[in-house]
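Inspection log for the structure reproduced underneath, given as structure tokens.
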Amino acid sequence: MTHILIHILLVLLMPPLLLGVIGKTKAFFAGRVGAPYLQPYYDIWKLMRKGSVFSETTTWLFRAGPIVTLSVAVTASLLIPLGNHSAPFSFAGDMILFAYLFGLARFFTVAAALDTGSSFEGMGGAREATFSCLAEPTLFFALVVLARLSGSLSLSTMLTGSITTLWPDSAPSLILLAGSLFIILLAENCRVPFDDPNTHLELTMIHEVMVLDHSGPAFGYILYGAAMKLFVLGAFFLHIAFPFKAGDPFLDWGVFIIAMLLLAVVIGIVESIMARLRMVRIPQILVASTILAAFALVLVLR
Amino acid sequence: MLTPGSLAITGAALCGISGIPGLCPAISARLGQRIAVFLVLAGAATGTAGALWSMLGNLTETWTLDWTLPFGTAEIGLDPLSALFLLLIFVVSGCCSVYGIGYWPAEKRGLAFFFGLLSCSLALVVMARNGVFFLLAWEIMALANYIVLTSGGDSPEVCEAGRTYLVATHIGTLALFALFAIFKVTTGSFQFPVAAGLDASPLPATAIFMTALFGFGLKAGIMPLHVWLPSAHANAPSHISALMSGVVIKMGIYGLLRTFSFFNNIPLWWGILILVAGIISGLAGVIFAIAQHDIKRLLAYHSIENIGIIAMGIGAALIGEATGSPSLVVLGIGGAFLHVLNHGIFKSLLFLGAGSVIHASGTREIDRMGGLARPMPYTAVFFLTGAVAICGLPPLNGFVSEFLIYFGFFTGIREGFSKATPILALAIPSLAMIGGLALACFVKVFGATFLGLPRTDGAARGHEAGRPMLAPMGLLALLCLLIGVFPAAATRLLEPAIRAWAPGLSEEGTRLAQAAPLSWITLLALLLITITLAFTILFKRRVAGAARGKAGTWDCGYANPSASMQYSSSSFAEMLVRLFATMLRPDCHKPALRDLFPKGGRFSSHVPEVVLELIMVPWFMKSDVKFSSIRRLQHGQLHLYILYVFLALLALLAWAT
């Protein structure tokens, strides 16, 4: 019970901090002081109290987009195990639901973007839909590999139970998997080199351009939902890439929090030292990551 | 005598006669249409009751008809497998029939008659237990379908679509003749063999498998046998398209399932072949769908995709039978059954929604619509429900059936290693990709049709559909939600059908309700809905409590944006079409940009039906030239044709003795 409570508190409170850490890391690389670590919290709080402007073109769907995105992120966060603790809801097959929930969010985000009738946002929607078609198979390849390795069909047992013992035997396939999942983590969360979360006004944007017309609480929902998605997918990635367990239940939470913050630093470093890819390169990288994951599968299918 | 079978037959008969009063000139056209709808509804209610009764009670019965034809006794039977399809037939026929009141002018009287005949023959197809009787019902179905499909007008496209359909369906029927002839040779009678009564290893079984796959696959529209399907669905009246896509093509699936159920000892390659065919159909179907501009053609390609998903489930089940894995059988076939029902529900919902949109905007071109969610709020919500469901997203019904199929694949991979494991493992990411592409496609359709600003005057004048059109859509949308949230209720119905299909499963063995975490799906679906509602309330409070402004969409400083500058469905799909250009062969005409100040130009892009237009038609043309000398035999002189028949009979007699 205590652990479930900690789980819920962490997923509700920690996500914006990751954005803060990423921002601070990037500021460090740029030689700036940067915004405080807690800036994303202030931003969300400020947005929640602001008024909203709705375009006359839009319908209820425009408002449904952010709401569904956030609800999906919250639901998915209850399915993902954190650190060495299983998730509040865990059952055989939960990984399929986990993956499809994000599909639901994507549907409504893109629909909300199209609702504005702006060609700019349509462009972002088209890119989002296209790239995630290519990213989706990778996630499922990873799930197949994990199911095959662990002999389990639930995220909690698949990721927490045996992964430490699996590393020595199946290191090659897990390394391939970690590599491809890191690419997916960056692509799905709209980070550099796939997307730039900082600017709206470039024709090469994906996520930010879709939410261009949202304001006030709606935009707050979007920011919060995006942070939570980063948190949830980051936790998924960490299980494979950083399978260290302390043994003590409470120490495990500490290890997890530190690992998440480290991940945020790594993402910040990647964002600082890499330029954004040209749009035509993105599908190629995504397909390459799918093939990496397929290699991982071949290795475990013997 | 009140039994499930008698209810089902009464239902079919009521549907069959429903159109007759309307044909009588003494009865006014409107009254005739009302009577037809009333009779179809009565028939649908009776038939649904019979089907549900048979499925819930796991009841099987057969009735023998006395006929003097020399093909053995004609049997009509009802078992849970037939009942599953009957349920679909009656529910969708009822909905489409009501929709017709608002959609179809009553003055065109013929349609109601053939619509009733079509529903009746569909029911007879799934109840036939004798090869010849089956073919009879099959042929009535095919012809009635041809007539309703071409009732939309005499335009060249409709005629062309009808012709292609007619040729395709008869090639399929030809394969079915061969199929039942081989059956007759193998079993000695036209009667259907008992379930799992035939050994699948000897050669005739392979021949049966291949002819069934061809004949029934042609009806179901499995790639590359789908060539008739897109244009037929696009050119039929919308409620007919709904019935065709939701139910008629499922008869191909029924035929395959029924044929497979006759065999025991099924070799592994059957399952692998069906699974691979499913993956190809699914991926190619959705990729072609993305490139379409015509809303109904697009939906038709999605039927091919969903038939592919159903085939993937069937393939998994056959692999499970071959490798002795009951949980794979139960999950695969359970998923396929549920997807048959689900696709019937959401696809007819989408076709009916498309019909309303076409009615309102006067065009089938998605790029000429836009902004219809304002004048048509209910249609928009119903269409959205169908769109989310067909993408397989929670918490609607499409998710549940795809979940079962996924879960089957995962279960199959976890258990040991066989020759089928790699293909099962590949099926999972393929299904994921199908899901992702379907999402891109439906967000495009929904966005371009209902959201943004109207692109043409026709779309701007759009109006909400009438109640007879909204009510069936509402019912179907509600079913999508109910099955999605409470899948255990639906699988309770499927359980006996699974046993009827695979009698090899032990009675107390694996059940779908135990094999799949259905109560968890219910729980999480309810949780998702609750969280969404909570956030909605919070959001409303926040928005209501603060200042609120209205403005146009931000246009990035552009001075004079217009509705035609919105991202259209073609622009939305452009990246994906380019990614798959090798397969889609898009035909683009771009204006050449020469001077510093280029003049106005036209851009157009079109994706042909590649298999038909670039492979089959050229091939047929070539063989037409090659075989033109044989043409002399076909001269149109009747008496000589009769002579041919006589000579053929004589030759056969000589050969037989």
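Just list whichever of B:108/B:250; A:26/A:50; B:108/B:590; A:26/A:245; A:245/B:540 have alpha carbons separated by over 32 Å in the model shown.
Working: B:108/B:250 28 Å; A:26/A:50 28 Å; B:108/B:590 43 Å; A:26/A:245 29 Å; A:245/B:540 43 Å.
From B:108/B:250; A:26/A:50; B:108/B:590; A:26/A:245; A:245/B:540, over 32 Å: B:108/B:590; A:245/B:540.
Please average, across the residues of A:278-285, the number of beta carbons from any other chain that are within 10 Å of each residue's own beta carbon, and give a whole number.
On the way: counts 0, 1, 2, 0, 1, 4, 0, 0.
Taking the mean over all residues of the peptide, I get 1.
For the range B:1-199, what's the relative contact order in percent, using C-alpha pairs closer than 8 Å and at least 6 residues apart?
Working: 297 pairs, mean separation 44.8, N = 199.
The normalised contact order for the range B:1-199 reaches 23 percent.
Over the range A:49-129, average the accessible area per residue using a 1.4 Å probe and give it in Å², no decimals. List each step's numbers first, then the result.
Details: 1540 Å² over 81 residues.
Dividing the accessible area of the range A:49-129 by its residue count gives 19 Å².
Provide a whole-number value for the mean count of partner chain Cβ atoms within 10 Å of the Cβ atoms in peptide A:58-67. Each step should come with its number before you reach the end.
Details: counts 5, 8, 4, 8, 2, 4, 4, 0, 2, 10.
Mean partner-chain Cβ count within 10 Å for A:58-67: 5.
Work out the FRET efficiency for residue B:651 and residue B:583 from their Cβ-Cβ distance, taking R0 = 41 Å, and round it to the nearest 0.05. Can you show the working numbers first?
Details: r = 46 Å, r/R0 = 1.12.
After rounding to 0.05, the efficiency reads 0.35.
Using 0.36 nm per residue, how much length does the chain from residue A:2 to residue A:291 gain when fully extended, once their Cα-Cα distance is taken away? Before the final figure, lay out each step's value.
Working: separation 289, 0.36 × 289 = 104.04 nm, distance 4.09 nm.
Gain on extension, residue A:2 to residue A:291, equals 100.0 nm.
Taking amide hydrogens as modeled 1.01 Å from N in the peptide plane, which residues meet the under 5 Å criterion relative to residue B:548, leaving out close sequence neighbours?
Amide H neighbours of residue B:548: A:52.
Roughly speaking, what is the stretch gain from residue B:527 to residue B:594, that is 0.36 nm per residue apart minus the C-alpha to C-alpha distance, in nm to one decimal? Numbers along the way, then the final one.
Numbers: separation 67, 0.36 × 67 = 24.12 nm, distance 5.90 nm.
Value of the extension gain: 18.2 nm.
Just to check I understand the Karplus step: with θ = phi - 60° and J = 6.51 cos²θ - 1.76 cosθ + 1.60, what whole-Hz values come out for the range B:431-442, glycine and proline as x?
Values, residue by residue: 5, 4, 5, 4, x, x, 5, 4, 4, 4, 5, 7 Hz.
Under a point spin-label approximation (7 Å from Cα along Cα-to-Cβ), what is the residue A:265-residue A:32 distance to one decimal in nm?
2.1 nm
If I take every Cα pair under 8 Å that is 6 or more residues apart in chain A, average their sequence separation and divide by the length, what percent do I get for the relative contact order? Mind showing how you got there, number by number?
On the way: 460 pairs, mean separation 92.6, N = 302.
Taking the mean separation of contacting Cα pairs over the length of chain A, I get 31 percent.
Could you please report the charge total around residue B:572, scoring K, R as +1 and D, E as -1 over all other residues with beta-carbon less than 12 angstrom from its beta-carbon?
Working: positive: A:127, B:444; negative: A:121, A:128, B:367, B:574.
Residues close to residue B:572 contribute a combined charge of -2.
Output wanted: per-residue J couplings in Hz (rounded whole) for the range B:544-553, from phi through Karplus 6.51 cos²θ - 1.76 cosθ + 1.60, θ = phi - 60°, x for Gly and Pro.
5, x, 10, 5, 9, x, 10, 7, x, 4
Please give the contour-minus-distance gain from residue B:604 to residue B:563: 0.36 nm per residue of separation, less the Cα-Cα distance, rounded to one decimal in nm. Working shown, then result.
Details: separation 41, 0.36 × 41 = 14.76 nm, distance 1.85 nm.
Between residue B:604 and residue B:563, full extension yields an extra 12.9 nm.
At 1.4 Å probe size, put A:167, A:45 in order of accessible surface, largest to smallest. Please report the intermediate quantities before stating the final value.
On the way: A:167 55, A:45 145 Å².
Reading off the accessible areas and sorting them downward yields A:45, A:167.
Could you tell me whether the range B:459-538 comes out rounded, prolate or oblate from its Cα gyration tensor? Rule is a ≥ b ≥ c as square roots of the eigenvalues, rounded for a/c under 1.5, then prolate if a/b exceeds b/c, otherwise oblate. Each step should come with its number before you reach the end.
Working: a/c = 4.69, a/b = 1.64, b/c = 2.86.
It is oblate, given that a/c is not under 1.5 and a/b is not larger than b/c.
Please give, to one decimal in nm, the separation of the simple spin-label points placed at residue B:463 and residue B:65, each 7 Å out from Cα toward the Cβ.
Taking the two extended label points, one gets 4.5 nm.
Quick one: helix A:249-273 against the long Cα principal axis of chain A, what's the angle to the nearest 10°, folded into 0 to 90?
50 degrees
Step through the residues of the range B:201-208 one at a time and calculate ³J(HN,Hα) from phi using the Karplus curve (6.51 cos²θ - 1.76 cosθ + 1.60, θ = phi - 60°), rounding each to whole Hz and writing x for Gly and Pro.
7, x, 4, x, 5, 4, 4, 4
For residue B:196, list long-range residues whose amide hydrogen, built 1.01 Å from N in the peptide plane, is under 5 Å from its own amide hydrogen.
B:262, B:263
Place a label point 7 angstrom from the Cα of residue B:615 along the Cα-to-Cβ direction, then list the residues of the range B:264-285 whose backbone nitrogen is under 18 Å away.
B:273-285
Mind checking the mean number of beta-carbon atoms from other chains within 10 Å of the Cβ atoms in B:579-586? Write down the numbers at each step before the final one.
On the way: counts 5, 0, 0, 0, 0, 0, 0, 0.
The mean count of partner-chain Cβ atoms within 10 Å per residue comes to 1.
What are the residues whose amide H is under 5 Å from the amide H of residue B:451, where those residues sit 5 or more places off or on another chain and H is modelled from the backbone?
B:371, B:372, B:373
What number results when the radius of gyration of chain B, computed over Cα atoms, is divided by 2.2 N^0.38 Å?
Values: Rg = 25.6 Å, N = 657, 2.2 N^0.38 = 25.9 Å.
Dividing the Cα radius of gyration by 2.2 N^0.38 Å gives 0.99.
Grab every C-alpha pair in the protein assembly as shown, bin the distances at 10 angstrom width from 0 up to the longest one, and report whole percents.
Using 10 Å bins, I get a P(r) of 2, 11, 21, 24, 20, 13, 6, 2, 1, 0, 0 for the protein assembly as shown.
Where does the charge balance sit around residue A:231 when Lys and Arg score +1, Asp and Glu -1, over other residues with C-beta under 15 Å from its C-beta?
Details: positive: A:191, A:229; negative: A:188.
The answer is +1.
Before anything else, pin down the relative contact order of chain B: Cα pairs under 8 Å, at least 6 apart, normalised by residue count, whole percent. Could you put the intermediate results ahead of the total?
Values: 1112 pairs, mean separation 82.9, N = 657.
So the answer I get is 13 percent.
Could you tell me which of rounded, prolate or oblate describes the range B:1-199, using a ≥ b ≥ c as the square roots of the eigenvalues of the alpha-carbon gyration tensor, with rounded for a/c under 1.5 and, failing that, prolate when a/b is larger than b/c and oblate otherwise?
Since a/c reaches 1.5 but b/c is at least a/b, the shape of the range B:1-199 is classed as oblate.
Compute the angle between helix B:80-103 and the longest alpha-carbon principal axis of chain B, please, reported from 0 to 90 degrees and rounded to the nearest 10.
Between helix and principal axis, roughly 50 degrees.
May I ask you to derive the FRET efficiency for residue B:58 and residue B:265 from their Cβ-Cβ distance with R0 = 30 Å, giving the value to the nearest 0.05? If you can, show how the numbers build up before the last one.
Working: r = 25 Å, r/R0 = 0.84.
For R0 = 30 Å, the calculated efficiency reads 0.75.
If packing is taken as the average number of other Cβ atoms within 10 Å across a peptide's residues, how do B:576-587, A:90-101, B:228-239, A:48-59 rank, most packed first? Walk me through the intermediate numbers first.
Numbers: B:576-587: 15.7, A:90-101: 22.8, B:228-239: 27.3, A:48-59: 17.4.
Result, highest mean first: B:228-239, A:90-101, A:48-59, B:576-587.
Report the label-to-label distance for residue A:248 and residue B:623 in nanometres (one decimal), using points 7 Å from each Cα along the Cα→Cβ vector.
Result for the modelled spin labels: 7.8 nm.
The values are calculated or read from the model by the stated rules, or taken from the named source; none is laboratory data. Since the structure is predicted, the reported quantities are computational estimates derived from the model, not experimental observations. Every residue, glycine as well, gets a Cβ built from its backbone with ideal geometry; the counts of neighbours run over all protein chains shown. Just the protein is used for accessible areas: all its heavy atoms, side chains included, with ligands, DNA and RNA removed. Shrake-Rupley method; radii C 1.70, N 1.55, O 1.52, S 1.80 Å.
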